[in-house]
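Worksheet for the structure shown next.
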Amino acid sequence: MREVIIVSEKPENENQVHITKITELMSGSVDKLIVNDALDHIANRVEGLKILVSKLRYEGIIEIRGIDILEIARDMYTCRLTIAEANNLLYDGRESCDSIIGVLELLQKFGLTIMVKQVDNHTYFVRAERTRNVQGN
């Protein structure tokens with residue numbers, strides 16, 4: 001099983017690929033992609049996610065974790081999060097932010113089946129599978 005971890009910092013081993021180098025992976029060559037905060041470090045999330053999905057083999061799994069902007073907004077509105085705390089979460093080298101809702105919509109648009117979706121402490125986590133008999137694959 002080929003597992004690839006997509007990172008936004010310098011890769012530390014051969015299983016890690018920098019988010020800006022995802023086009024170098026062969027299409028359909030990855031069994032499992034783990035994307036922890038790296039999607040937030042590219043400006044065009046839609047194109048980046050589309051490229052990531054193309055690297056998955058059929059029945060491959062993608063796991064995406066990132067900052068949920070709606071959770072941050074809610075906690076700022078209810079005064080559970082200060083502006084300084086929100087700045088720390090949002091402006092840590094990120095070029096874009098999304099919510100679990102936006103990520104789910106994109107994954108479904110690209111024909112993936114959602115297996116797990118959750119939000120905890122301003123962070124979303126989604127696990128999805130690339131299925132064979134879906135339009136767009």
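Nothing in this text is a laboratory measurement; each read-out follows from the coordinates by a stated rule. Keep in mind that what you see is a predicted model, and the values were worked out from it rather than measured. Cβ coordinates were reconstructed from backbone atoms using ideal geometry, including for glycine residues, and neighbour counts include every protein chain displayed.
Calculate the all-directions average of the projected area of the chain's alpha-carbon convex hull, and give it in nm².
8.1
Decide, for segment 32-96, between rounded, prolate and oblate: order the square roots of the alpha carbon gyration tensor eigenvalues as a ≥ b ≥ c, take rounded if a/c falls under 1.5, and otherwise choose prolate if a/b is larger than b/c, else oblate.
Prolate shape, in that a/c is at least 1.5 and a/b is the bigger ratio.
Mind checking the angle between helix 100-109 and the chain's longest principal axis? C-alpha axes, 0 to 90 degrees, to the nearest 10.
Rounded to the nearest ten degrees, it is 20.
So what does log10 I(q)/I(0) come out to for segment 1-66 at q = 0.13, 0.20, 0.27 Å⁻¹, using the Debye formula with one equal point on every Cα and no solvent?
Log10 I(q)/I(0), no solvent term: -0.28, -0.70, -1.33.
Once the dipole of the chain is set up with Lys and Arg at +1 and Asp and Glu at -1 on Cβ about the Cα centre, which of Gly93, Ile51, Gly28 lies farthest towards its positive end?
Farthest towards the positive end: Gly28.
Once you place label points 7 Å from the Cα toward the Cβ at Thr113 and Glu47, how far apart are they in nm?
The answer from the label model is 3.2 nm.
Give me the dipole magnitude in Debye, nearest 20, for the chain about the Cα centre, with unit charges on the beta carbon: positive for Lys and Arg, negative for Asp and Glu.
In total the dipole reaches around 500 debye.
In deg cm²/dmol, rounded to 500, what helix-only [θ] at 222 nm does the chain give when every DSSP H run of at least 4 residues adds -39500 (n - 2.57) and the total is split over its residues?
Taken over the chain, the calculation gives -8000 deg cm²/dmol.
Using 14 Å as the cut-off for backbone N distance, which residues of segment 29-53 belong to the label zone defined by a point 7 Å from the Cα of Glu12 along Cα→Cβ?
Flagged as within label range: 36.
Please name which of Val17, Gln108, Val126 has its Cα lying farthest along the dipole of the chain towards the positive end, using unit charges on Cβ (Lys, Arg +1; Asp, Glu -1) and the Cα centre as origin.
Gln108
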